[in-house]
Amino acid sequence: MNNLQHHPTNPPANDGGHLPTTWLRAHLAQIIESCWFGLTFVLFLLMGPFSAIAVLIGLGTLGNAENREQMTEPARL
């Protein structure tokens with residue numbers, strides 16, 4: 001007679017509904033915020049003083065003639 005007892009090596013764990021996906025969804029905003037902070041910090045370190053060049057280019061594109069024509073002044077009081 002062959003009596004096999006079924007003992008799985010890794011039984012399915014019941015952790016009360018705390019699956020990794022539910023934890024990830026609950027902390028997604030914090031994870032994304034940390035990633036953005038890390039990315040901007042690394043870019044800040046890489047650019048260093050050369051980031052002023054990017055700012056000047058951005059200001060130049062804002063102040064060109066096309067954008068000035070599209071902008072409306074607020075009404076006088």
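Please treat every number below as a calculation from the coordinates, not as lab data. Keep in mind it's a predicted model, so treat the numbers as computed, not measured. Quick reminder, even Gly has a Cβ in these numbers, built from the backbone with ideal geometry, and neighbours come from all protein chains shown.
Sorted from largest to smallest, which semi-axis lengths in Å does the alpha carbon gyration tensor of the range 28-67 give for its equivalent ellipsoid, taking the root of 5 times each eigenvalue? It would help to have the intermediate numbers written out before the result.
Working: eigenvalues 161, 48, 3 Å².
Three semi-axes, in Å: 28, 15, 4.
Which order results if Met71, Met47 are arranged by neighbouring Cβ count within 10 Å, fewest first? Intermediate results must be reported in sequence, preceding the final value.
Values: Met71 8, Met47 12.
Final ranking by Cβ density, sparse to dense: Met71, Met47.
Can you work out the Karplus-derived ³J(HN,Hα) for every residue in the range 44-52? Use 6.51 cos²θ - 1.76 cosθ + 1.60 with θ = phi - 60°, whole Hz, and x for glycine or proline.
So the J values, rounded to whole Hz, are 4, 5, 6, 6, x, x, 6, 5, 4.
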